[in-house]
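Below is one structure, written out as structure tokens; comments come after it.
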Amino acid sequence: MPAAPSSTTVAGLVTALVGFLSSFAVVLTGLRAVGATPGQAASGLVVLSLTMGIATVLLAQRTRMPITVAWSTPGAALLATAAAPSWPVAVAAFVLVGALVLLTAGWPRLGSAIAAIPPVLAQAMLAGVLVPLCLQPVRSALEMPWLVAPVVLVWAVLLRFSPRWAVPAAFALTLGIIGWLAWREGGVPAAALVPTLEWTTPDFASAAVIGLALPLFLVTMASQNVPGMAVLAAHGYRAPWRPAMAVTGAGTVLGAPFGGHAINLAAISAALAAGPEADADPGRRYRAARAAGLAYVGFALVSAAVAALVVTAPAELPAAAAGLALWPVLASSLSGALAQPEDRIPVVATFLVAISGITVGGIGSAFWSLVVGLAFWAWSRTRPEGAVVSA
């Protein structure tokens, strides 16, 4: 009989499965929102799976630590509500994000400048960006109750009994329903199932590049890279910052022309490979991360098929699943942003501008929310001594 897979291998496969199923619809939604065609969005999903898989294997093998890399789910959510005049402009923003991540690896002052941005404002910006997506399950349940209600029910039941699998199970059921709908309509063309990378030449001429790249960069750093380091530290690993940023930054730059918006350190799913469930010996847990990386490369082979299926479905169905996946992120962002009473006015200002969806000078609301939030933050720090802000 063949030998049973080791616990580290199983932990790595679970890490990849949870990471992929928990947010692929968010990624596709974000890419389509900034102008990608179905083929370009599928290419983005393929290249993201490849780059984060290869980056995970490289970092785990080199450092002998359970470092896992993921696509930027908050970044994809930001794209879903962002303003981009064209897909080549969005691709240029992706390239710039990767370059900025690379810059943080070689120039510590940039990392210090990012750290100087109040985390509560970054959380408020992310929360404002997430709200429209998080409303989708409610809207979709009213428009297509017989398709959406089973997905919500599975998610709610597992959220109570096995929270880790709630979102992956909801997405798996969504894929099953979409597959059934596609089969009923005659299936998906075979050519669409083959993983293909589509090149897009970046267009750096528009001011919207900076307006899209800066919020995407800040969300990726504040919501993924910094928490990812914290998760590893909580399990006893002091992961090297510069190599991690160099690998993920280079991966983002290389993947951007093919539709990859950003890769970064995994945060939530990182604990699956770094915890004692992966292996009792901390020195062997890097093998779980390595297995996860190889699994991501394998997922790249089926990414095009997943994207092709999603395109055939009523838009409300994948949008509902994507919204459910982001509810915990929204809850965490709101909780962190509103924790301190003295910060609440700058936080609310940031949140409201982000949720407004305004575009000024071709630059979207995520960027302007940080500008307004920082202005209120600076003004609140000039408050006369003894003044009290009501909560």
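The values are calculated or read from the model by the stated rules, or taken from the named source; none is laboratory data. These numbers come from a predicted model, not from an experiment. We place every Cβ from the backbone using ideal geometry, glycine too, and count neighbours over all the protein chains shown. Ligands, DNA and RNA are stripped out before the accessible areas are found, and what is left, the full protein with its side chains, is counted by its heavy atoms. Shrake-Rupley method; radii C 1.70, N 1.55, O 1.52, S 1.80 Å.
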Using a 1.4 Å probe on the protein chains only, how many percent of the accessible area of the range 12-63 belongs to carbon and sulfur? 70
What order do you get for 277-286, 72-81 when each peptide is scored by the mean count of other beta carbon atoms within 10 Å, highest first? 72-81, 277-286
Expressed as a fraction of 2.2 N^0.38 Å, the rule-of-thumb size for a compact globular protein of N residues, what is the C-alpha radius of gyration of the range 233-391? 1.40
In deg cm²/dmol, rounded to 500, what helix-only [θ] at 222 nm does the chain give when every DSSP H run of at least 4 residues adds -39500 (n - 2.57) and the total is split over its residues? -22500 deg cm²/dmol
Extending each Cα 7 Å along its Cβ direction at Ala315 and Leu142, get the distance between those two points in nm, one decimal. 1.7
At 7 Å along the Cα-to-beta-carbon direction for both Arg184 and Val360, put a label point, then send me their distance in nm to one decimal. 4.8
Taking a probe of 1.4 Å, how large is the accessible area per residue of the range 252-383, in Å²? 40
Two-site label geometry, Ala205 and Ala339: point separation in nm, points 7 Å out along Cα→Cβ: 4.6
Output the Kirkwood hydrodynamic radius of the range 191-253, Cα pairs only, in Å rounded to one decimal. 14.7
Can you tell me, using C-alpha contacts under 8 Å and at least 6 residues apart, the relative contact order of the chain as a whole percent? 37
With a 1.4 Å probe and every protein chain kept in, tell me what percent of the accessible surface of the range 187-292 is carbon plus sulfur. 66
Under a 1.4 Å probe, what is the accessible area of the range 16-113 per residue, stated in Å²? 28
For the range 314-356, which whole-number percentage of the solvent-accessible area (1.4 Å probe, protein heavy atoms only) is attributable to carbon and sulfur atoms? 71
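Only helices at least 20 Å long along their own axis, judged from Cα atoms, and with Kyte-Doolittle mean hydropathy of -1.0 or greater: name those in the chain from DSSP H. If you can, show how the numbers build up before the last one.
Details: long enough: 7-21 (21 Å, 1.78); 38-63 (37 Å, 1.05); 87-106 (29 Å, 2.20); 119-134 (22 Å, 1.91); 145-161 (24 Å, 1.95); 166-184 (27 Å, 1.42); 241-255 (21 Å, 0.66); 286-312 (39 Å, 1.46); 316-337 (30 Å, 1.14); 365-380 (22 Å, 1.34).
What comes out of the filter, once short or polar helices are dropped, is 7-21, 38-63, 87-106, 119-134, 145-161, 166-184, 241-255, 286-312, 316-337, 365-380.
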The range 4-100 shape via C-alpha gyration tensor axes, a/c threshold 1.5: prolate
